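All of the numbers you see were taken from the coordinates with simple rules; none came from a lab. It should be emphasised that the depicted structure is a prediction, and the values quoted were computed from it without experimental measurement. Backbone-built Cβ (ideal geometry, glycine too); neighbour counts: all protein chains shown.
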Amino acid sequence: MAKKNAAQAPLTPAVLHILLALSTGQRHGYGIMKQVEADSQGKVKMGPGTLYGSMGRMMDAGLIRESHKRVDPEMDDERRVYYELTGAGRAALEAELKRYRGVVAVAEGRFAYGG
C-alpha cells in the first residue's frame, strides 16, 4: 500500500476490519481485537500477529497513527498505545465501502432477475 494509492487499492480483510474498528474512535490493540470480534459477531478473531503486522503496514501507508491522547489516563494503563484513523485511512475505508456497495448492487441485480 503506497501512501498516494492507499484510498484506491482494495483492502485486505484484516485492514478493513481494523479501519472499521477505528472508525468510531481511537482504541488500543486489545480493544481493536475485541471490536473486530464484536463487529463480525464472533466470526473473525484476529490474533496479535495479524493485528500488529497489519497495523505496522497501515502506519507505513499513512492509514492509521498512534494517538497522543488517552481515553482516560486515570483508568488506563499508561503503557497502552492507542491508534486512530488518519484522513487517508478514512478515505480508504470510504472507498472500500463504496466498492463493496457496488459489488452488492451487481449481485442483487443478478439474483433479482435469476441471472
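Counting other C-beta atoms within 10 Å, which of 79, 65, 101 has the fewest, and how do the rest follow? All intermediate terms of the calculation are to be shown ahead of the outcome.
On the way: 79 6, 65 16, 101 10.
Ordered by Cβ neighbours within 10 Å, fewest first: 79, 101, 65.
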| note | Which residues qualify? For residue 83, with a placed amide H closer than 5 Å and at least 5 residues away or on another chain, they are 27, 28, 67
